[in-house]
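See structure below.
The values are calculated or read from the model by the stated rules, or taken from the named source; none is laboratory data. Everything quoted here is computed from the prediction, not taken from an experiment. Cβ sites come from the backbone with ideal geometry, for glycine too, and all protein chains shown count toward neighbours. Quick note on the areas: whole protein, heavy atoms, side chains included, nothing else; ligands and nucleic acids left out. Shrake-Rupley method; radii C 1.70, N 1.55, O 1.52, S 1.80 Å.
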Amino acid sequence: MTGIILAGGEGKRFRKDKAEIKLNGELLIERIVSKLRKSFKEVLIITSEKKLKGYERNFSGSDVKIYPDIYSEKGAIGGIYSGLNFSSSYHSFFAGCDMPFLNLSLIEYFKNISEGNDVVVAKFKSGFEPLHAVYSKRCINYIEDLIKKDNLRIFDFFNEVKLRIVKEDEIRRYDPEKLSFFNINTEEDLNKAIKIQKLLNKKKSKRCKA
């Protein structure tokens, strides 16, 4: 399976490019790449033409592959479509570039239950979480049909494929606080992430001393 990071968004609610955000002294995108490398031999970043050269510079000499969106300005669904086309694997795990607290145990669970399914996605009371999910190449044509109709709602093709919904009680086994699904869209979110990271650092420090 391939790990894919979607990093093409404009981040209009944030005062600077999300690629420049640092958390715990590390660029957010580098943090996510580092985490996905532990679970996947192939890691891709899908971004816009505008941001392509910047990411290529940042990851020059690394094994991370950077690709531009095939369909520009089509949001997350366009990124998923591009990622599936560029991936060398039948199944790919997708995450947003603004998700700092990905949980490797939960990712492994998603990987383990993906066999025989085309989409593995969490669903909460608020709805689906399509940017912490596994998609198969069988989704490509269905996604392209939506894009050509200018329908950018990812979940609108779910009834066309074999869907595995991951319920909240399954997620809590691996990620009790559901931090995997926390994303940074605003300055306020970044401040929350800093507080969460401080708490995580304290917990880690206590474990090391024990």
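Can we say Asp156 is of a type in the set (Asp, Glu), touching a helix residue (DSSP H, G or I) at 6+ places or on another chain (Cβ under 7 Å) and open to solvent by 40 Å² or more (accessible area, probe 1.4 Å)? Please lay out each step first, then the result.
Numbers: of a type in the set (Asp, Glu): yes; touching a helix residue (DSSP H, G or I) at 6+ places or on another chain (Cβ under 7 Å): yes; open to solvent by 40 Å² or more (accessible area, probe 1.4 Å): yes.
Yes.
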Checked against (1) touching a residue at least 12 places away in the same chain (Cβ under 8 Å); (2) farther than 24 Å from Asp175 by Cα; (3) surrounded by fewer than 18 Cβ atoms within 10 Å (Cβ to Cβ), Lys50 satisfies every condition except (1)
Those residues of the stretch 95-108 which are surrounded by fewer than 19 Cβ atoms within 10 Å (Cβ to Cβ) and in contact with a helix residue (DSSP H, G or I) (Cβ under 6 Å, 6 or more places away or on another chain) amount to Ser105
### Message
Whether any residue in the stretch 144-151 is in a helix (DSSP H, G or I), of a type in the set (Val, Ile, Thr) and in contact with a strand residue (DSSP E or B) (Cβ under 7 Å, 6 or more places away or on another chain) is what I want to check.
### Response
no
Of the conditions (1) at pLDDT below 95; (2) more than 16 Å from Pro130 (Cβ to Cβ); (3) open to solvent by less than 50 Å² (accessible area, probe 1.4 Å), the single one that Ala210 does not satisfy is (3)
Checked Ser92, Ser82, Ser72, Ser114 against criteria (hydroxyl-bearing (Ser, Thr, Tyr) and surrounded by fewer than 18 Cβ atoms within 10 Å (Cβ to Cβ)); the one match is Ser72
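If I ask for residues that are assigned to a helix (DSSP H, G or I) and in contact (Cβ under 8 Å) with a residue 40 or more places away in the chain, which ones from the stretch 13-47 would you list? Steps first, please.
Step one: filter the stretch 13-47 for residues assigned to a helix (DSSP H, G or I), giving 18-20, 28-37.
Selection gives Lys18, Ala19, Leu28, Ile29, Arg31, Ile32, Lys35, Leu36.
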